[in-house]
Structures are given as C-alpha cells and as structure tokens.
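Report on the following structure.
The values are calculated or read from the model by the stated rules, or taken from the named source; none is laboratory data. Because the structure is predicted, anything quoted here is derived from the model rather than measured. Reconstructed Cβ throughout: ideal geometry from the backbone, glycine too, with neighbour counts over all protein chains shown. Ligands, DNA and RNA are stripped out before the accessible areas are found, and what is left, the full protein with its side chains, is counted by its heavy atoms. Shrake-Rupley method; radii C 1.70, N 1.55, O 1.52, S 1.80 Å.
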Amino acid sequence: AKDAVTIFKGASVRTVMITGDHRDTAFAIARELGIAQHEEQCMSGEQLDDMTVEDLTKIVDNLRVFARVSPEHKVMIVKALRAKGYIVSMTGDGVNDAPSLKAADIGVAMGITGTDVAKSAADMVLTDDNFATIEKAIEEGRGIYANIKKSVLFLLSSNFGEIITMFAAILAGLAAPLKAIHILWVNLITDSLPGLALGVDKNDTSTIMKRPPRDPGESLFAEGGIFLTLFYGVIIASLTLGAFVFVPIRLLHGSGEAVTLANIAAQLKNAHVLAESQTFAFTILGVSQLFHAIGMRNVEKSIFTMNLLENKFMIGAFGIGLLLQIAVTEVPFLVKVFGTYSLHLKEWLVLIAVSAVPLLIHELLVPLFRHLKKKREASYHTVV
C-alpha cells in the first residue's frame, strides 16, 4: 500500500484513511504510509458529531485521516469530498460500509473478506483485497482512454484530410482526385490497421501516472485535440492535392503554357494524365496516413525517443499498409481494378519521402505540446 500511495501522489490522487481504530493508531499508520504528516490532518468521530456536511466541506481539503468513525460519518465524509468537487472512490468490506460505497462515485469492495452486502453496493470488487490493485486499475484506465483518444483523433484527422481533398478539388473545378474505390481502400486498409494498432499501444508508464486526472466533463478534443484533427487533416489534404496537380503542372511547364486552374483542368481531361495524377494522389493519401499514425502514438515525444519496437502491431500495420498500397499500382490485376498507373522506383521513393511530411511535422510540434502540457493545471482530483 505504501508504494501505491506514493504513486498516487505523483498522479494527483489523494489517499484518505477512514478507520474505526483509535486516532493515535490511525495517525501512526498513516504517517508510515505517507498519507499524513501532521496530527492536525486527523479528525475523530467525536469531532464529526458536532459538524454538518457543509462544515466538513470547508476544511476537508486539509484532512487525511478519520478515526473512530461510524457508518454515518463515512457517508458524511464522502458527501463532503464530492461537494468539494473531488471524484471519490471509497473502499470497504463490511455491511456498515455499504451506504458509503453507494454514496461514492466509485465504490470498491473487497472480494475475499468483503461481505455480500458490500459487494452488491460496490461498483467494483478487488478479488485480491490489495489496495495497490487500485493503482494498477487507474493506470490501466488512463492508458485505455489515451489509446481511444489517439485512435479517434487519428481517424478523424485522416478522414478530414480526404474530405478537404475532394471538396477543394471540386471547388476549384478540377476532376476528382480520388475514385470511390480509392477512398474505400484507404479507409479499409491504411486507416483500420493503424487505428487498431493505436488502440493497443502500450503507454509510457513513467509519465501516465505522473499527470493529474482529467476533468470528467473534458471533451475528447481537449488538450489540442481539435488542433491535431484540423491541422493534420489540412496537411494530408495539401500533400494529396499537391501530388494530384503535379503531373499536369509538369506537362504545362514542359509545353511552355501558363500554369492556371483552367489549364490544369484541361490537362486532367486526358484519361492518361488523370490516371497518373490520381495514382499520385491515392498513394500520397494512403502512405501519409501510415506515417501520421506513427507520430500519433505520442504527440509529446519524438520518434527517436519512442520505443518503436514496443508496438509490434504498429510496425505490422505500417508494413502491411505500405505493401498493399504498392500492390495496387504494381500488380496488373489490381492496377486494372483500381484504375491506377504503374509507378517507377524513383517515383515511389519521392512519393514515400513526401508522405513522411506528417511525421516530420510531428517532430517539429513535439516541443510545443510539451510546453502546453507543463502549463496545464488540474481542475479535478481523485480521492481514494
């Protein structure tokens, strides 16, 4: 329990002891565990008898130990902490703990020594009766939420890039940069595999329990989420559109004609030019999303400090996605189905280099997100 209490402190999770033992005994144990340092942080049931929930709410921030308490006192303490704005997790094992377990945001009952009444009233049961298990549960919960957020933001930014690409080309009066089958392919292959890999990513345990709890009402787009979605969407769309118009612009330069939207649109009316342009755009769109997924593993950490081998699913997703993307331009049967254009090795190398731009931008943005993270102040805490 002592190690768990120490880790909780780093995670801005406050541990409060509620016991039926004598005040001196409770304080001695609390001091040894690192829960309390001064006797002023202790309060007895007798003192609570003379107080209301409102009175306790005013001073509960400074209290760490409650001794000689009754079941009514436990409920009172929980209500005071909740009234102060804390998210409260209450542990207990006896019948008299049931009311407070029910009153807490998360009631945690003991699975071995706990009574059936306590287990029924609780939201969660510790099968090993180990307080340290709560710390592991919080760590796991934070990791799951972080992975869900990473996956959602990755998928939204990638699909936002596709939307901008199609909308901007049509608005400019150009031919569609992508066929319907191209969009389906990207969504099924280069979106799904990296998205799933992000969902099982192993978070950095050295930092995940050193940050404050998030606000329960916090949006999924908090802490720069909306910026990531829009910014990377624009980046991916810009790269895709740039690849799409590259071929007609190259032809216009070669023929000495002016590079205008009208001339580009005229060039794209040629079926061969359109097929080559769509192949470039299709390739950039798919491969850039694969690179983008790698950076989304941790927006606050450089890929050079990430343990890339830690997530073998991401390595597999990137490799499979790239191979499948190559297949649709090099396998004759797939070339016919997707209406693509066979690329040369030099073209592939250039397209892969351009597709890596989202990862390059990720490296440039890492210091910014680190700075924003340090400035973040916790408005919510958790009490165990």
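Descriptive notes on the structure:
Yes/no per residue for (1) within 32 Å of the chain's Cα centre (by Cα); (2) surrounded by 16 or more Cβ atoms within 10 Å (Cβ to Cβ); (3) more than 16 Å from Asn62 (Cβ to Cβ); (4) aliphatic (A, V, I, L, M):
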residue	(1), (2), (3), (4)
Ile7	yes, yes, yes, yes
Ala11	yes, yes, yes, yes
His38	no, no, no, no
Ser44	no, yes, no, no
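- Taking the stretch 269-293 as the range and being of a type in the set (A, V, I, L, M) and surrounded by fewer than 23 Cβ atoms within 10 Å (Cβ to Cβ) as the test, the residues that pass are Ala271, Val273, Leu274, Ala275.
- Positions within the stretch 305-333 being in contact (Cβ under 8 Å) with a residue 24 or more places away in the chain and either polar (S, T, N, Q) or open to solvent by 50 Å² or more (accessible area, probe 1.4 Å) (or both), in sequence order: Glu310, Asn311, Phe313, Ile320, Leu324, Gln325, Thr329
- Filtered residues of the stretch 55-77 (kept if acidic (Asp, Glu) and either touching a residue at least 24 places away in the same chain (Cβ under 8 Å) or under 23 Å from Val95 (Cα atoms) (or both)): Glu72
- Checked against the criterion of being in a helix (DSSP H, G or I) and over 29 Å from the mean Cα position of the chain (by Cα), the candidates Ala169, Ala176 yield just one match: Ala169.
- Qualifying residue in the stretch 43-54 (condition: within 17 Å of Arg14 (Cα to Cα) and in contact (Cβ under 8 Å) with a residue 12 or more places away in the chain): yes
- Test: residue in the stretch 363-374 that is at pLDDT below 90, loosely packed, with under 14 Cβ neighbours inside 10 Å, under 30 Å from Leu63 (Cα atoms) and not acidic (Asp, Glu): yes
- Residue match in the stretch 273-293 (condition: touching a residue at least 24 places away in the same chain (Cβ under 8 Å), within 20 Å of Phe167 (Cβ to Cβ) and assigned to a loop (DSSP other than H, G, I, E, B)): no
- Hits in the stretch 240-268 (condition: surrounded by 21 or more Cβ atoms within 10 Å (Cβ to Cβ), under 43 Å from the mean Cα position of the chain (by Cα) and not aromatic (Phe, Trp, Tyr)): Thr240, Leu241, Ala243, Val245, Val247, Pro248, Ile264, Leu268
- Residue match in the stretch 61-74 (condition: in a helix (DSSP H, G or I), out of contact with any Pro (no Cβ under 9 Å at 6 or more places or on another chain), under 25 Å from Met209 (Cα atoms) and not basic (Lys, Arg)): yes
- The residue that is farthest from the chain's Cα centre (by Cα), counting only those in the stretch 114-154 that are among the hydroxyl-bearing types (Ser, Thr, Tyr) and within 25 Å of Thr6 (Cα to Cα), is Thr127.
Results for (1) without any contact (Cβ under 8 Å) to a residue 40 or more places away in the chain; (2) assigned to a loop (DSSP other than H, G, I, E, B); (3) of a type in the set (Gly, Ala, Ser), shown as yes or no for each residue.
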site: Ile189; (1), (2), (3): no, no, no
site: Asp201; (1), (2), (3): no, yes, no
site: Arg211; (1), (2), (3): no, yes, no
site: Pro216; (1), (2), (3): no, yes, no
site: Ile226; (1), (2), (3): yes, no, no
site: Ile235; (1), (2), (3): no, no, no
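- Among residues of the stretch 141-153 that are assigned to a helix (DSSP H, G or I), those with a Cβ under 6 angstrom from a residue that is surrounded by 14 or more Cβ atoms within 10 Å (Cβ to Cβ) and among the acidic types (Asp, Glu), sequence gap 6+ or separate chain, pair up as Asn147/Asp201.
- Selection within the stretch 13-36 - open to solvent by 30 Å² or more (accessible area, probe 1.4 Å), of a type outside the set (Ser, Thr, Tyr) and part of a helix (DSSP H, G or I): Arg23, Asp24, Ala28, Ile29, Arg31, Glu32, Leu33
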